[in-house]
Structures are given as C-alpha cells and as structure tokens.
Amino acid sequence: MGICNICPRKCGIDREKQKGFCGVRTLKIAKACLHYGEEPPISGGNGSGTVFFSGCSLKCVFCQNMPISRDGYGKEITVERLAEIFLTLQEKGADNINLVTPTHYSEEIITALKMVKNKLNIPVIYNCGGYETVETLRKFEGLIDVYLPDFKYADKEIAKEYSAAEDYPEVVVPAIKEMFRQVGEIRLSDKGLIGKGVIIRHMVLPSHRRDSMKILDIIKENLPADKIKISLLWQYTPCGKALEIKKIARKVTTFEYNSVADYAEKLGFDGYLQEKSSATFEMTPDWDLEGV
C-alpha cells in the first residue's frame, strides 16, 4: 500500500508496517450478510448485501459498532476473497452490495469491484461516515451507484468532542457534493429499490437539535433538495464513553426528533424517518464473521 493518505486524517504512515488512525493495517471484515436494518429502498424485500469492514477513521464516542470500529474485531481476507463475497451476496438474492465503513480500504475495494463489476447486476452502495476526501472519492467514479453518507455535525467543537475530528464540518461538504456529482439525482425502480443517487443520513443527538437544523441548512445550500433523500435517524442509544458525557448520556426526546423532522419538511426535503422504538441495540448485528 505504501504511504497512506486515503482519509482526511492523512496519517502518512506505511500500513504494511503499522496501523493507521483507523486502527487497522490490511483488509479485514467482520460480517457479510443479507441485512434488513437499512432504509426501505436499500433493505428492499431480499435484504441488502452488506459487508461490514473493520476499523474506522472516526472515533465517535457513541458508536454502537465499537467491537469492529474501534477494537478491530474481524478477519483478514484477500482482495480475491472480497470479490467472491460480492458475487456470493448477489447469488443469495441481495438487492445491492452495501459497503459499510469502506474508506480505509479504498484501494482493495476498488480492485475487488473492478474484478467483478461486469458480473454484478445490482447497485453498489458506499455507506460511510461522511469523513472523506474528494481525491479518494474520485477513484470510485463509475464503480459506485449509490452514496449513503452520514452528515454528523455542523459545529467543529461538537465534532472534535464526539469524533476527534474538528475538521469534519469543512470536510463533509465537498465530499457530499462530489458524491452527488458522480451519481446524480436519486432513482428508484418500479419496486421502490434504490438504483442511483445520494441518501444523506443524520442521527439526531440529544441536546443538539440546533446543530441538526444547521446541518439541514448546509445541505440545502449545497445540494438540490428535490434530487436527494434525507434519512433522519432516531436510533441514538447512549453507550461507551457517551455515558460519561451528560449532554448525550440519554436518548433523544420526541420533541427533539420531531422538531428536526419538521424543519426538514419545511426546507423541502423528502426522505425517511425512524420510529422512537428504533433507539435500541436490537439492530446491531452479532459480530460472528458470518459470510467471511
């Protein structure tokens, strides 16, 4: 791999010799399966062919996938094996290939996709935290059909406190603009399945509804509201270090979530809402190396 500057951290280290900020060296995944916990056009009727990659370039204190994102749980595999997994998920009837937290394995994923892209007849989804460089995203042009980024924070101090990424707000905007440039407006099949486009996720945090509204303002200023979808998540469940931070050591209230949802509607966004009951750990997968 050589010197690694794939993500905005730009560690500049040789990952063949040591781990980067993402916490991993070589290609490692924790699970590959049909997943039903995504938005309706992604989960579809057959499930999303989801590959959960180990490691992460963000250090979110509230992460529900801590065993794989922070602790590095997973199994090292080859690029050839990853390509086989894509085809196996398609054979199982997956409605798409869903790459979860793929950024730090960009080179390996690009190689694997090029090996099997001509055999895939389902869309490929890049499911990320929004903390991306435009340079890396451009390498995926023509290989990715759907971008599913988070937009976590508008305030750099909040980003610094919760994800150790003070530059997150300034990084995420050019990233989502590049994503939209590549895949264009959202397109759904007759069955309501995603084929192309951008769905921007935002998880509403307790005590921070104003930041959520600012995020919606920023999206509206930079992308056409009628050509993308917004997914507002109500699933925040305090865990890990978040339990030690008073502002986020509780679940989101009905008032907080609804005020953000109402503001999104006021701005003209269309998309997906969650029920309050989603704020549990029930949708967090068991990290059992299924399909690896």
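Computed quantities for the displayed model
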read-out: Count - residues of region 166-196 that are free of Cβ contacts under 8 Å to residues at least 24 places away in the same chain and polar (S, T, N, Q); value: 1
read-out: Residues of region 204-255 satisfying the condition of being polar (S, T, N, Q) and part of a helix (DSSP H, G or I); value: Ser212, Asn222, Thr254
read-out: Residue list for region 256-292, restricted to those being free of Cβ contacts under 8 Å to residues at least 24 places away in the same chain and either buried (at least 16 other Cβ atoms within 10 Å of the Cβ) or in a helix (DSSP H, G or I) (or both); value: Asn258, Asp262, Glu265, Lys266, Ser277
read-out: Tabulated pairs, region 145-158, first under 23 Å from Ser189 (Cα atoms), second among the basic types (Lys, Arg) and surrounded by 22 or more Cβ atoms within 10 Å (Cβ to Cβ), C-beta under 8 angstrom, 6+ apart or interchain; value: Leu148/Arg201; Pro149/Arg201
read-out: Residues located in region 37-58, provided they are closer than 16 Å to Ser231 by Cα and in contact (Cβ under 8 Å) with a residue 60 or more places away in the chain; value: Gly37, Glu38, Glu39, Pro40, Pro41, Ile42, Gly44
read-out: Every pair of residues 6+ apart whose Cβ atoms lie under 8 Å, when the first sits in region 76-104 and is aromatic (Phe, Trp, Tyr) while the second is in a helix (DSSP H, G or I); value: Phe86/Ala112; Phe86/Leu113; Phe86/Val116
read-out: Condition check for Asp167: at pLDDT 95 or above, within 24 Å of Gln182 (Cβ to Cβ) and surrounded by fewer than 17 Cβ atoms within 10 Å (Cβ to Cβ); value: yes
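Matching residues to (1) of a type in the set (Val, Ile, Thr); (2) surrounded by fewer than 17 Cβ atoms within 10 Å (Cβ to Cβ):
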site	(1), (2)
Thr78	yes, yes
Glu135	no, yes
Pro149	no, no
Lys156	no, yes
Tyr162	no, no
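The values are calculated or read from the model by the stated rules, or taken from the named source; none is laboratory data. A quick note: this is a predicted structure, and the numbers were derived from the prediction, not measured. Every residue, glycine among them, receives a Cβ derived from its backbone with ideal geometry; neighbour counts consider all protein chains shown.
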